[in-house]
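The values are calculated or read from the model by the stated rules, or taken from the named source; none is laboratory data. Source: prediction; values computed, not measured. Methodologically, a virtual Cβ is constructed for each residue, glycine included, from the backbone with ideal geometry; neighbour enumeration extends over all protein chains shown.
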Amino acid sequence: MELRPHQIEAVENVVRILGTPPGGRMPPEGLRTQVIAATGSGKTLIGAESAHRLSARRVLVLVPTLDLLTQMAVTVQGYLALDLVKRNNTELVKGVDRASTTTVAALRTAVTVAQALTAQKLVLQQITALNTTTAGIIDSTADMLQNQTGQIQQQAASATIPIETLKRAFQSIYQTMDAIDTFKAQALTNMQTTVDALSDEIDRSRGYIARSEGAAQAQLTSGDPFKLSE
């Protein structure tokens, strides 16, 4: 698979940093590097080519989603398949050189069959990977449906407001009503006290009113309304 210039540069840097150090002595912390690139810049191809160039026998791939894992697997599979095709083509060319007596027609037929078989193998591998991915999605959806259905039914069966909260609310209402009754009783007592005090004052004022009326009547009887009685 032909890489772009920025991918080639990244692969060369990775191979240079992660290659076997001079003298074959590996540092205690191991060899580490990072490739930081924008989305869609071909980081998967960079990783596949780097692993190939380093002859990595085992590669650990960490991704946050199943989609990226599938993308990585398909890309690596395609890369390996295309690399195999490339190697096969190379061997075919060598075979042509060795079999110089083979006719052009026979050679063309052999190349065509090899390409067809390689294409069939690629299609078969991709169909298998697609079926595996589809099966995984179906299993995950079924598990999610089962879990969420149980949670929904449990939520529907449970009370919306806890019983203890309702009890506390009613207890607060009862206490408020008791307090109102107490305030009413105190208000009636205070009102009775006020009425009694006003009644005493009214009775007392009646004496003053009667005395004033008697003095006014006496003045009218004597014929001198401006003369005060002795």
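If you take the residues of region 1-53 that are of a type in the set (A, V, I, L, M, F, W, C) and assigned to a loop (DSSP other than H, G, I, E, B), which of them is modelled with the lowest pLDDT? Once the filter is applied, the top-ranked residue is 1. Listed conditions (1) under 14 Å from residue 6 (Cβ atoms); (2) in contact (Cβ under 8 Å) with a residue 40 or more places away in the chain are all met by residue 37, apart from (2).
Residue 76 passes every criterion in (1) within 30 Å of residue 116 (Cβ to Cβ); (2) modelled with pLDDT of 80 or more; (3) under 39 Å from the mean Cα position of the chain (by Cα); (4) among the aliphatic types (A, V, I, L, M) apart from (2). Among the residues here, residue 67 does not qualify as assigned to a helix (DSSP H, G or I) and exposed (fewer than 10 other Cβ atoms within 10 Å of the Cβ).
Considered as a group, the residues in region 55-77 that are among the hydrophobic types (A, V, I, L, M, F, W, C) and in contact (Cβ under 8 Å) with a residue 40 or more places away in the chain include one that is farthest from residue 2 (Cα to Cα), and that residue is 66.
If you check 207, 150, 136, which single one turns out to be assigned to a helix (DSSP H, G or I), of a type in the set (Gly, Ala, Ser) and surrounded by fewer than 10 Cβ atoms within 10 Å (Cβ to Cβ)?
207
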